[in-house]
Amino acid sequence: MIKNFEMELAGRKLIIETGKMAQFSNGSTLVKYGDTAVLVNVTASKEPREGIDFFPLSVDYEERLYSVGKIPGSFFRKEGKPSEKAILTARAIDRPIRPLFPKDFRNDVCVNALVLSVEQDNSPEICAMIGTSIALSISDIPFNGPTAAVQVGYVDGQIIINPNLEQREKSILNLLVAGTKDKIAMIEAGSDELPDEKMLEAIKAGHKEISKICEFISDIVKEIGKPKFEYTHYEVNEELYEEISKEYKAKMKTSVQNADKTERDNAVEKLTEEVVAAYLEKNGQEYVDENKQAIKDALYKLEKTCVREMILKEQKRVDGRAIDEIRSLSAEVGILNRTHGSALFSRGQTQVLSVVTLGMSSEEQMLDGVDSQTSKKYLHHYFFPPYSVGEARPSRGPGRREIGHGALAERALEPMIPSEEEFPYTIRVVSEVLSSNGSTSQGSVCGSTLALMDAGVPIKKPVAGISTGLVTDESNPDNYVMFTDIQGLEDFFGDMDFKVAGTKDGITAIQVDIKIDGLTYNIIEEAFEKTKKAREYILDEVMLKVISEPRKEISKYAPKIVKLRIDVDKIKDVIGPGGKMINKIIDETGVKIDIEEDGRVIIYSFDEEKAELARKMVELVTREIKAGEIYDGIVDSIRTFGAFVDLGAGKEGLVHISKISKERVQRVEDVLHVGDNIKVKVLDVDNEGKISLMRIE
């Protein structure tokens, strides 16, 4: 049965259509917001996936360029792999819904959000996130929603919900917030040094709208929601767990208390072997073969319980740190001689190498997506190789997590990158994670700030990043402990990874992942306080002691820039017919040249003298020949009535035979020859551009 529902969201109609399309999905909805339309379908397998200990949820956000009236620019003229924006949107859809599925649910669940039509004022990402919540909520798939999401902007001191394109371009905040009716479930933000209190105010304003949307979805569920299907529950063998806990909890608690990740992992592995050996001796090989996975599951639960209880009840961390203590920090810059900028940043056993490359403006990344951005000049890429966690497997390129972390670091630093007019380079930063024990994304923010300053990029202010973790009492959510600078084990077994990057004056980026049903405002406010204190400490105690400001000169291995501005009407002269003139300049000097539509000419060269020569050649082409000016020229050809003189850059004038000398000249060849260098004065430039010259003796 076809059903339509609608509500007002930020002054525009949000329309939900169900029952018309995709009849075989467990849940399906078409979301319309203005002229933007996204179809969301959710499906689930009938049986759990065998042999796994996690919930197999997959989310795909598929952009179709027909949604904005474009044909793909690829060779095949069809959509290929997802764009970076699509991958980031899929991650944003995933993060708030994942904690709301039952903890013991092991059936495959697939979410597909298909972008059908895009009006730039109305975000398809928001439609996809709301549509996912609706499709899951009305389906028979077990789901403890609903959730909802909005975008929040900050324009001229005003908080704007779901800003339109014009408002987004003016906004100093790009906040995506998702949640349930009562709590915040996900935060993704980029801002231009927005103060903590203003960020919290924006989050609260967004959540107020989210609560309204959740009530709207709940009403839809009451009318058309399906009963949730029964599923096979995945459970740890409680009897076995209690038995192992009673015998080995003290040993497990000792095993996990080690600052060194490798030693700690080895201790836990040794304990696992001890437990398996004990059951082998006690119950025989057949019992162990049948229950080996159950024993490991019980030990995993015991390890998690020990770590969480130590933090929650004793406020004690596995590496012995205090709750707000940051691991040992170190940093170096300029460690790679031939790169344009480099830095190595370490926090405990997390180590990130960041490297900067400066390129031409024309090397900017071109984007072929459904939103209004078509290119970007600042790029941040993040690589997380298997060896960084001691795993022996081949690298297969960046996955979704790596793309997300690179985008987070890019968002954190982007507000501090100088304008193109000030620094007309395309900037690429690559963060190589060399070893990982928690919060590598924030390590890449710190390392990349240092590398940019080492490269001589005049960033406005240095940026640092840190994350906080959380452990809550399952029986009393108001009883919790928050800790600064989470390491890997605390991330695995904790309830939150709250990443914040910024300068001393404000926040530039946030990313929040949680494993519980949501965060209260008090938790968010406390996280802001802890991360601000921590990032100021990192800046003052480490980063600014290594390099306090950007280098005054860029690397000798980076291309040097010479800039000039020409009249827009002269651009065609510099390029020349078929590119003849610009190619001549490039061939003779070896430089690279970018010419912008507004008349800016940017010359790149590793040789400053060659760059200057190219600049003079461009100036020659574009200079305006005026009467009374004196030039050096070369005799290009001889005629009976005079000599044509090349003034350079395609400009030519005529010295009439009567203007060659003060004395009478019978034949031009008696005084001038082809190839002679002579000095001439401009007598006149007529309306057709013909130049009359006089030789100066």
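Structure data summary
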item: Nearest-20 debye value, the chain charge dipole, Cβ charges on Lys, Arg, Asp, Glu; result: 1220
item: Estimated dipole of region 205-277 in Debye, rounded to 20 [Cβ of Lys and Arg +1, of Asp and Glu -1, Cα centre]; result: 380
item: Beta bridges by DSSP in region 316-448, antiparallel share as percent, to the nearest 5; result: 80
item: Heavy-atom accessible area per residue - region 297-363, 1.4 Å, Å²; result: 41
item: Protection proxy ranking of 457-467, 601-611 - average other beta-carbon atoms within 10 Å, highest first; result: 457-467, 601-611
item: Normalised alpha carbon radius of gyration of region 59-112 [divisor 2.2 N^0.38 Å]; result: 1.48
item: Distance (nanometres) between label positions extended 7 Å along Cα→Cβ at Glu619 and Leu200; result: 5.8
item: With every protein chain in place, the chain: carbon and sulfur % of accessible area (1.4 Å); result: 48
item: Farthest toward positive dipole pole in region 32-137 [+1 Lys/Arg, -1 Asp/Glu at C-beta], among Ile71, Thr89, Val42; result: Ile71
item: Rg to Rh, two decimals, where region 1-119 supplies the alpha carbon set and Rh follows Kirkwood; result: 1.01
item: Order of exposure, largest accessible area first, which applies to Asp297, Asp587 with probe 1.4 Å; result: Asp587, Asp297
item: Thr262 - accessible surface, heavy atoms, 1.4 Å probe, Å² rounded to 10; result: 80
item: Rounded to 5, the percent of DSSP beta bridges in the chain classed as antiparallel; result: 90
item: Average accessible area per residue (Å²) across region 560-697 - probe 1.4 Å, nucleic acids and ligands excluded; result: 60
item: Share of alpha-carbon pairs per 5 Å distance bin for region 473-572, given as whole %; result: 2, 9, 15, 15, 12, 9, 8, 7, 6, 6, 5, 4, 2, 1, 0
item: Contour excess over end-to-end distance, with Cα ends at Arg393 and Asn583 and 0.36 nm allotted per residue; result: 63.6 nm
item: By accessible area with a 1.4 Å probe, ligands and nucleic acids excluded, highest first: order of His207, His673; result: His673, His207
item: Residue-span extension gain [Phe75 to Arg401] - 0.36 nm each, minus C-alpha spacing; result: 114.6 nm
item: Calculated FRET value between Asp60 and Arg551, using beta carbons and R₀ = 30 Å, to 0.05; result: 0.10
item: Sequence-separation-based contact order of region 584-643, relative, with Cα cut under 8 Å and 6+ spacing, percent; result: 24
item: Computed lengthening from Asp632 to Ile696, 0.36 nm per intervening residue step minus Cα-Cα distance; result: 22.0 nm
item: Cα centroid of region 358-433 to Cα centroid of region 265-280, whole Å; result: 42
item: Centre separation in Å (Cα based) which lies between region 527-587 and region 608-633; result: 26
item: Relative contact order of region 467-595, pairs being alpha-carbon contacts under 8 Å that are 6 or more residues apart, as %; result: 16
item: Label-point gap, in nm, between Lys226 and Arg600 - each point 7 angstrom along Cα→Cβ; result: 5.5
item: Using alpha carbons only: equivalent-ellipsoid semi-axes of region 522-676, gyration tensor based, whole Å; result: 57, 16, 13
item: C-alpha center-to-center spacing [region 224-258, region 307-351] in angstrom; result: 30
item: Solvent-accessible heavy-atom area per residue, rounded to whole Å², over region 22-159 at 1.4 Å; result: 40
item: 25 °C / 0.890 mPa s Stokes-Einstein diffusion coefficient of region 329-372, Kirkwood radius on C-alpha pairs, µm²/s; result: 188
item: Accessible-area value, Leu620, 1.4 Å probe, nucleic acids and ligands omitted, Å²; result: 60
item: Inverse of mean 1/r across different Cα pairs in region 390-534, Kirkwood, Å; result: 16.5
item: Pair Lys515, Glu612: separation of 7 Å Cα→Cβ label points (nm); result: 6.3
item: Rg over Rh [alpha-carbon atoms, Kirkwood Rh] for region 319-462; result: 0.99
item: Phe498, Phe383, reordered so the largest accessible area comes first (probe 1.4 Å); result: Phe383, Phe498
item: Modelled FRET efficiency - R0 25 Å, Ala250 with Asp53, Cβ distances, 0.05 increments; result: 0.50
item: Percent of alpha-carbon pairs separated by more than 36 Å within the chain; result: 53
item: Estimated [θ] at 222 nm from DSSP helical runs (n ≥ 4, -39500 (n - 2.57)) normalised by residues in the chain, nearest 500; result: -10500 deg cm²/dmol
item: Relative contact order, percent, the chain [alpha-carbon distance under 8 Å, six or more residues apart]; result: 10
item: Helical segments meeting 24 Å axial Cα length and Kyte-Doolittle 1.0 threshold in the chain (DSSP H); result: none
item: Region 43-105: chymotrypsin sites (Phe, Trp or Tyr not before Pro) in DSSP loop, at most 10 other beta carbons within 10 Å; result: Phe54, Phe75, Phe76
item: Qualifying lysines (Cα of each under 25 Å from Cα of Lys222; at least 8 residues distant if same chain); result: Lys3, Lys13, Lys20, Lys32, Lys46, Lys103, Lys181, Lys183, Lys208, Lys212
item: Rounded FRET efficiency, nearest 0.05, which uses the C-beta distance separating Ser372 from Gln293 and R0 of 60 Å; result: 0.75
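The values are calculated or read from the model by the stated rules, or taken from the named source; none is laboratory data. Treat the numbers as computed from the prediction; the structure is a model and nothing was measured. All Cβ positions, even for glycine, are placed from backbone atoms using ideal geometry, and neighbour counts span all protein chains on display. What goes into the accessible areas is simple: the full protein's heavy atoms, side chains included, and nothing from ligands, DNA or RNA. Shrake-Rupley method; radii C 1.70, N 1.55, O 1.52, S 1.80 Å.
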